[in-house]
Amino acid sequence: MSGNKIKFIFFIAVVVLLAAAGSFFRIDIRQLQMALSKFPVLAAGMIFVALYVSVTFFIWLSKDVFRITAALIFGPFLSTVFVFAAEIINAFILFNFSRILGRSFIKERLKGHLKNLDERLAQSNFAWLFIFRAVPLIPFRFMDLAAGLTKIPLRRYLIVAALGSVPRIFWLQYILSVAGKSLLTKPTATVDYLVLNKPALIFTLVYLVLVIAVLIKLRIKNS
């Protein structure tokens with residue numbers, strides 16, 4: 001068995017284990033909120049970023065807890081800054097994690113159409129990459145891991161990740177700052193909040209319309 005294959009198997013095993021770990025560990029929002037509230041805002045933000053990066057790497061179902069906690073403590077704007085910082089650090093770590101352990105094996109197996117697809121991904125239109133990052137459908141973590149397996153340069157991906165993450169993170173933190181913990185016990189809380197909060201509803205609609213408009217424009221341009 002080749003070294004690249006061993007590394008790839010190890011990579012897949014780690015990904016599966018980390019995904020499964022989220023089913024066994026729970027983080028209490030109230031305790032996390034109380035702990036961070038003891039510190040000045042800047043110190044609390046730095047501690048939050050460190051915890052977000054370290055804990056969410058090992059417990060994959062904990063991001064919602066951290067995002068809700070940040071929204072409740074820091075509000076929509078500051079929580080966006082701190083979550084953004086943590087997500088960019090995460091992007092760097094996860095991209096390199098998959099690049100080091102999985103890229104060589106994937107590269108060896110690429111032939112024909114798949115190899116051409118890999119080349120196209122490396123030279124993808126910046127706007128397309130931005131949209132994938134900005135649309136709230138694909139989890140950041142899976143995008144970071146998948147990007148590391150492709151030929152996309154790290155610097156290019158981090159620039160796209162930085163630009164595309166801002167609108168998506170702010171939109172979510174804006175909603176969480178009001179809906180907060182109710183989202184964990186009542187999945188329809190976001191809908192209820194948007195119905196009752198006209199500014200939030202308008203902001204959400206504008207955000208989604210802009211994303212759809214850019215997608216349509218790109219589609220027409222490439223057709």
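The values are calculated or read from the model by the stated rules, or taken from the named source; none is laboratory data. All figures in this text were calculated on a predicted structure; none of them were measured in a lab. Heads up, the Cβs are rebuilt from the backbone with ideal geometry, glycines too, and the neighbour counts pull from every protein chain shown.
Odds and ends about this structure:
- Qualifying residue in region 162-184 (condition: of a type in the set (Ser, Thr, Tyr), modelled with pLDDT under 85 and surrounded by fewer than 20 Cβ atoms within 10 Å (Cβ to Cβ)): yes
- The one condition in (1) within 14 Å of the chain's Cα centre (by Cα); (2) surrounded by fewer than 23 Cβ atoms within 10 Å (Cβ to Cβ) that Thr80 fails to fulfil: (2)
- Evaluating Ile152 against the criteria (1) in contact with a helix residue (DSSP H, G or I) (Cβ under 9 Å, 6 or more places away or on another chain); (2) farther than 28 Å from Phe74 by Cβ; (3) part of a helix (DSSP H, G or I); (4) at pLDDT 85 or above leaves one unmet condition, (3).
- Test set (1) within 17 Å of Ile93 (Cβ to Cβ); (2) crowded, with 17+ Cβ neighbours inside 10 Å; (3) of a type outside the set (Gly, Ala, Ser) - Leu154 fails condition number: (2)
- Checking each residue of region 98-109 against the condition of being of a type outside the set (D, E, K, R), within 18 Å of the chain's Cα centre (by Cα) and modelled with pLDDT of 90 or more gives at least one match.
- Residues of region 53-109 classified as assigned to a helix (DSSP H, G or I) and either touching a Cys at 6+ places or on another chain (Cβ under 9 Å) or of a type in the set (Ser, Thr, Tyr) (or both), total: 7
Per-residue answers, yes or no, for (1) under 21 Å from Leu176 (Cα atoms); (2) surrounded by 16 or more Cβ atoms within 10 Å (Cβ to Cβ); (3) at pLDDT 85 or above; (4) within 21 Å of the chain's Cα centre (by Cα):
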site	(1), (2), (3), (4)
Ser2	no, no, no, no
Ser37	yes, no, yes, no
Val53	yes, yes, yes, yes
Phe57	no, yes, no, yes
Asp64	yes, no, no, yes
Ile73	yes, yes, yes, yes
Ile89	no, yes, yes, yes
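- Residue count for region 112-139, restricted to those that are touching a Ser or Thr at 6+ places or on another chain (Cβ under 7 Å) and either modelled with pLDDT of 80 or more or assigned to a loop (DSSP other than H, G, I, E, B) (or both): 1.
- Enumeration of residues in region 54-91 that are in contact with a Gly (Cβ under 8 Å, 6 or more places away or on another chain) and either closer than 20 Å to Gln31 by Cβ or touching a residue at least 60 places away in the same chain (Cβ under 8 Å) (or both): Ile59, Trp60, Leu61, Ser62, Ile68, Ala71, Leu72, Phe74, Phe82
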